Amino acid sequence: MRGQSEKAENLLARPEQTLHEHLTAVGKLAGIFAGRFGAASWGLAAGLLHDIGKASAKFQRRVRGENLRVDHSTAGARQAAQDWQGAGKLLAYCIAGHHAGLPDGRSNEDSCLRRRLDPSRRKIEDYSDWRSCFEQNRPVCPDFSACNFDTRPQGLGFRIAFFLRMLFSCLVDADRLDAEKTGDVQDRARSASRTYPGIEELRARLDIFLKEKTAKAKDNEVNRVRVEVLACCLEAAESEPGLFSLTVPTGGGKTFSSLAFALAHAQRHKLDRVIYVIPFTSIIEQNADEFRKALEDREGRFVIEHHSNLVPPDDGDDDRPHPATENWDAPLIVTTNVQFFESLFSASAGRCRKLHNLTKSVIVLDEAQMLPMPLLLPCIEALRELSASYGASVVLCTATQPALNAAEEGGEGLKNGLIGVREIIPDPEALHVALRRVVIQHIGEVSDAALVERLAAEPQVLCIVPTRRMARKIFDALREYMVSRDDPPQAVGFFHLSALMCPQHRSSTLKRIKERLQAGKLCRVVSTTLVEAGVDMDFPTVYRAETGMDSIAQAAGRCNREGRPEKGQVFVFSPESGLPTGAFRRAAQAVRSVIERHKDDLLHPDSIRDYFLELYWQSGDGSLDAKDILKRIGETAADADFPFREIERDFQLIDAPTQGIVITYDNKAEDLTRLLDFLKPGKNAGGIMRSLQRYSVSLYERDLDALEKAGAIRRTGPGGQIFVLCDRKLYDETVGLDLYKADPGMIAPEDCLW
């Protein structure tokens, strides 16, 4: 036995750690993680076997300094499949993919699991010395019964595939956390930084903040309703974990009330964290900053943002983002729909690493109506599974509640919808009436000239249209019309807003708009839909181009926001140039089909429900899972040949990816850009580039190519991955980046959606 022990001590996982120590530590930690959803034996087995391929003589030469390539992950996968058949094959996915990502079960690629498990197809080094690492407590077959796969036979394939991603997450996180603890000084520092206040402490901080906020608020009807909404949320927090909806009209204080529910619910039921999911990158930083102020997280230590930005992948980064963005182990994560849902259907080790920390969490889906229609059914299935099998509570939080409930007997509802969703507000209809601050009229088709005259006649007005091109056209026409009038004061106080303005520019413009509104000065704004994403503006009159009911509600939220006695006016119109095809047009058609039934109160909860049911009916079941995600998972379940990489490729919330370009909008942006220009090779640029987020504009690939061909942008930073606008004539102080000046024939992507 001593000889065996000595052999185990000589086997290394990395220069500073024996293989036995690594396998044992990862197995223990992965077992703890998986134990939170009843699969401790699975996590333990995966951790003990994941690196047994490192016992090969060739890998030991590598770890001692030779420059060799060795496949060390196939060994554990093959061993599990040989020893434990069905359970072993499931484990094999996680073990084989713990570096490169979950493989497809069966495909024409050499990386698929079937080929990797076949000794005739994939030759690997002899790893038989691995057994010396386990004189006692050798890995044993995991317990199938612990997973309760047979309790809900419907959708079994989806549940098993989902389970494998969660188990994979446990293994990947345990492996990387162990590497942090035994790594270099920087890695150990990152490991030590993973300490956070508890949920109870965070709730106490929020309670103090909300009491002070309420005490300072004006005594009016809107603020009284906000207090009632908060009280309802705190009362509902006592309910058992599960599925919830929070239906609060815009301006009812749902953001902080939903956070209060989440923290109180987590404390009451000993849940671990809150995941706050927001569809719009344009407001995620704003909400995260508000949460930090409320929770006194001045250094951003435990309220963690996780979303896309200008920072590219950068191996060897010495200024990496907060470690909690890697595995979501902080108490409050603020993230995007893209990051949240694409991770749930990912095969990547990096993206899946955080998934196990969704177990026993509170997941708040802000603006729940923004769930992507082409992927709606897979998203619903994932939410159902998180609640039913992983102890998570899910809150669908919105002013316009999508009809995601399954049809009750004899009633209407979504096929394969959610069952058992509990509404937090006892009487949403009464709340709607109490917060009804506007009158909405559908005024039919309006020519551009007539629209401009209507806008010019209003002292304070907001006009929202669906595309950048349309916004620019209406704004230019309005500016020309007003300048041509005899009364000079009429030619001031008009503004344009779109995502072609960098955030710093938009912020300064919004500040000027708010100042004019509060001072009662002339203020006319033409904007794209970005103002509907949590922008706090209060106009007496709003014009909104035809759109879906949820967007009409968001537009109405910018009208009479503080509840003046006289009702605000919202006019919905059909633009002269028509609407983009596809989703825009279908949503408008669904509104037209229900408007006659609800023309007296277009935003009544019944109207919203009818709208979504009409929209889903028009789209058809096939359009709610346009990539056949659920069907493909189900078809491959019998042989456990799950298409993980195929699903990852096809589950994309944004079909057209964007690239940020830097606008040297002010002196700070110019100074930061110069730092990039003179950055030494190998020096990290992460901090500079995060600061430049405030000065970036996101463009589609076609737009970027047009600017590059015109010589209007240049490359800088590490590897030339950062684009900077060098032709400043293309950036207008009023409208932002003028794409059409660079390429007059350019067609904006949103103008040709289908």
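The values are calculated or read from the model by the stated rules, or taken from the named source; none is laboratory data. Everything quoted here is computed from the prediction, not taken from an experiment. Glycine gets a Cβ as well: all are built from the backbone with ideal geometry, and neighbour counts include every protein chain shown.
For the range 52-77, give me each residue that is closer than 17 Å to residue 116 by Cβ and acidic (Asp, Glu).
The answer is 71, and nothing else.
Kindly provide the set of residues from the range 15-28 that are in contact with a Cys (Cβ under 8 Å, 6 or more places away or on another chain) and hydrophobic (A, V, I, L, M, F, W, C), ordered by number.
19, 23
Scan 39, 75 and give me the residue that is crowded, with 23+ Cβ neighbours inside 10 Å, in contact with a Phe, Trp or Tyr (Cβ under 6 Å, 6 or more places away or on another chain) and touching a residue at least 40 places away in the same chain (Cβ under 8 Å).
75
Mind listing whichever residues of the range 548-593 are outside any helix (DSSP H, G or I), modelled with pLDDT under 90 and within 14 Å of residue 465 (Cβ to Cβ)?
577, 578, 579, 580
On the given criteria, is residue 363 more than 25 Å from residue 416 (Cβ to Cβ) and in a strand (DSSP E or B)?
no
May I ask you to list the residues in the range 634-675 that are part of a helix (DSSP H, G or I), at pLDDT 95 or above and either out of contact with any Lys or Arg (no Cβ under 6 Å at 6 or more places or on another chain) or within 30 Å of residue 726 (Cβ to Cβ) (or both)?
Restricting attention to the range 634-675, the residues satisfying the condition of being part of a helix (DSSP H, G or I) are 634-636, 644-650, 667-675.
Still in the running and at pLDDT 95 or above: 644-650.
Passing the criteria: 644, 645, 646, 647, 648, 649.
So, residue 57, is that one over 18 Å from residue 171 (Cα atoms) and of a type in the set (A, V, I, L, M, F, W, C) or not?
Working: over 18 Å from residue 171 (Cα atoms): yes; of a type in the set (A, V, I, L, M, F, W, C): yes.
Criteria met by residue 57.
Quick check on the range 1-30: of everything there that is touching a Ser or Thr at 6+ places or on another chain (Cβ under 7 Å) and part of a helix (DSSP H, G or I), which residue is modelled with the highest pLDDT?
Filtering the range 1-30 for residues that are touching a Ser or Thr at 6+ places or on another chain (Cβ under 7 Å) and part of a helix (DSSP H, G or I), the one modelled with the highest pLDDT comes out as 9.
Do you know which residues across the range 322-359 are in a helix (DSSP H, G or I), within 15 Å of residue 171 (Cα to Cα) and among the polar types (S, T, N, Q)?
327, 357
Please enumerate the residues belonging to the range 601-646 that are surrounded by fewer than 21 Cβ atoms within 10 Å (Cβ to Cβ) and among the β-branched types (Val, Ile, Thr).
Within the range 601-646, 636 is the sole residue that qualifies.
Could you look through the range 231-271, keep only residues that are polar (S, T, N, Q) and at pLDDT below 95, and pick out the one that is surrounded by the fewest Cβ atoms within 10 Å (Cβ to Cβ)?
Among residues in the range 231-271 that are polar (S, T, N, Q) and at pLDDT below 95, the one surrounded by the fewest Cβ atoms within 10 Å (Cβ to Cβ) is 255.
How many of the residues in the range 85-110 are over 29 Å from the mean Cα position of the chain (by Cα) and among the hydroxyl-bearing types (Ser, Thr, Tyr)?
Qualifying residue count for the region: 1.
For residues in the range 287-314 being closer than 30 Å to residue 161 by Cβ and assigned to a loop (DSSP other than H, G, I, E, B), which is modelled with the lowest pLDDT?
Keep residues of the range 287-314 that are closer than 30 Å to residue 161 by Cβ, which gives 304-308, 313.
Filter again for assigned to a loop (DSSP other than H, G, I, E, B), leaving 307-308, 313.
Details: 307: 75, 308: 62, 313: 40.
That would be 313.
Which of the residues belonging to the range 11-23 are surrounded by 17 or more Cβ atoms within 10 Å (Cβ to Cβ), out of contact with any strand residue (DSSP E or B) (no Cβ under 9 Å at 6 or more places or on another chain) and free of Cβ contacts under 8 Å to residues at least 60 places away in the same chain?
So the first thing to find is which residues in the range 11-23 are surrounded by 17 or more Cβ atoms within 10 Å (Cβ to Cβ), and the list is 11-13, 17, 19-23.
With out of contact with any strand residue (DSSP E or B) (no Cβ under 9 Å at 6 or more places or on another chain) added as a condition, the list becomes 13, 17.
Passing the criteria: only 13.
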